[in-house]
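Presented below is the structure to which this report refers.
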Amino acid sequence: MAQATVDVLGDFGRASVAGLSQPRKTVAARYFYDDRGSRLFDEITRLPEYYLTRTETALLDEHAAAIARLTGHGRPVVEFGAGSAAKTPMLLRATHAPVYVPIDISGEFLHESMAALGRTVPGLRIIPLTGDFTKPLRLPPVDGPVTGFFPGSTIGNFDHRSALDLLRLLRNMLGEGAHLVIGIDTRKDPRLLEAAYDDGAGVTAAFNLNLLERMNRELGGTIPVDAFEHRAVWHDGLGRIEMHLVATRSMSFRVAGRSFSMAEGETIHTENSYKYTLEEARLLARASGWEPLACWSDADHRFGIHVWAA
Ligand code: AVI
């Protein structure tokens, strides 16, 4: 019977039960993004410590015309993980994109953001696609070679093998003649990285803890959320920031009809955010079948915007 309950609960239920059953508990970061998680992430992007978004936005603003010269004008733009699409107008305007296909897993959030974008870029045809772009998706029929847009260093949330698989998949999905404009966060001083993932206002902590609240809301969980703490730590050997939820006392709880227990200090590993030097990013391109054409970074090398060709 318990198995039947888990199946009824779907992907999030199965992933939570499987992840919490492992000797080292882990739940994949993609489950952060329910409606509340998407809103909290949007808040993160405006935090002073979270340099990623404002650095990337400034780079796009400064180099949009040069990017458009490489990708070509008048091409449809397909954005992966569009979310609030805050950086998109710059690219759409610079490339004179007639059509915009935003893809995001959170349909509700996507439709709200697209209504706003429609007002910002009048005349643009928007074809929103709700779905998981890590699986093969059929793009709506559009004319000519397309420009993929994958900002925000989302690629950093995939381990190296999955990142290569995903980049190959995007290449196949976008087709011949496509370009990819991709934002990738760089390796840097661990103090800056750890502050970006553990901000003073506690928004990233709330974002991380929301995963447990989501289990309680959607999976009939009994997790004592206030007995967990957020932790973000840089792992130099692996080149990644790890986010964990740390149990501050021993406890037992139920999720999706199953029982789990945790010892004091035990963690649930919830996210990896890999960082790549500009050279490592170019290697990532070549290893996944893309040709790196150009890359821009800020004076402090905090972030990289890359243009690759299929
Ligand atoms: C979506 N992704 C690129 C973010 C990142 O920086 O890895 C998610 C995030 N996690 C904590 N803060 C932001």
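The values are calculated or read from the model by the stated rules, or taken from the named source; none is laboratory data. All of these numbers come straight from a predicted model, not from anything done at the bench. Neighbour counts run over all protein chains shown; Cβ positions are idealised from the backbone, glycine included. Note: areas computed on protein heavy atoms with side chains; ligands, DNA, RNA excluded. Shrake-Rupley method; radii C 1.70, N 1.55, O 1.52, S 1.80 Å.
Based on protein heavy atoms only, the chain ends up with 44 Å² per residue of surface accessible to a 1.4 Å probe. Note on T120 and D143: with the Förster distance fixed at 30 Å, the Cβ-Cβ geometry gives a FRET efficiency of about 0.85. Shown is the FRET efficiency for R54 and R191, computed with R0 = 22 Å from the Cβ-Cβ distance and rounded to the nearest 0.05: 0.75. Approximating the spin labels as points 7 Å out from Cα along Cα→Cβ, the R69-to-T222 distance works out to 6.5 nm.
Element breakdown for segment 144-214 at a 1.4 angstrom probe: carbon and sulfur atoms account for 50% of the accessible area.
For segment 200-301, state which trypsin sites (Lys or Arg not before Pro) are in a DSSP loop and have at most 14 other beta carbons lying within 10 Å of their beta carbon.
On the way: sites: R214, R217, R231, R240, R249, R254, R258, K275, R282, R286; in loops: R249, K275.
When the trypsin sites (Lys or Arg not before Pro) of segment 200-301 are filtered for loop state and at most 14 Cβ neighbours within 10 Å, R249 remain.
Only DSSP H runs of four or more residues enter the estimate; each adds -39500 (n - 2.57), and after division by the residues of the chain the mean residue ellipticity at 222 nm equals -12500 deg cm²/dmol. With the simple spin-label model, which puts each label point 7 Å out from Cα in the Cβ direction, the K135 to H96 separation comes to 3.9 nm.
A straight Cα-to-Cα reach below 13 Å connects K87 with the aspartates and glutamates D42, E56, D61, E62, E79, residues fewer than 8 places away in its own chain not being considered. Sparse packing (at most 14 other Cβ atoms within 10 Å of the Cβ) combined with a DSSP loop state is found for the following GluC sites (Glu not before Pro) in segment 169-248: E176. With a simple spin-label model that places each label point 7 Å from the Cα along the Cα-to-Cβ direction, the separation between A263 and A15 comes to 2.8 nm. Counting only DSSP beta bridges whose two residues both lie in segment 1-139, roughly 0 percent are antiparallel.
Of the residues P292, P136, P151, the one that moves most in a GNM of the chain with alpha-carbon contacts below 10 Å is P136.
Charged side chains reduced to their Cβ positions (Lys and Arg at +1, Asp and Glu at -1) give the chain a dipole of some 560 debye around its Cα centre. Partner lysines whose Cα lies under 18 Å from the Cα of K275, excluding those fewer than 8 positions away in the same chain, are identified as K188. Reducing segment 147-223 and segment 96-124 to their Cα centroids gives an inter-centroid distance of 20 Å.
Seen from P76, the other residues with C-beta closer than 15 Å to its C-beta sum to a net charge of +1, counting Lys and Arg as +1 and Asp and Glu as -1. Across segment 216-232, computed HN-Hα scalar couplings (Karplus, 6.51 cos²θ - 1.76 cosθ + 1.60, θ = phi - 60°) run 5, 5, 9, 10, x, x, 10, 6, x, 4, 6, 9, 10, 10, 7, 9, 10 Hz from first to last residue, x flagging Gly and Pro.
Note on E62/D35: beta-carbon distance plugged into 1/(1 + (r/R0)^6) with R0 of 35 Å gives a FRET efficiency of 0.60.
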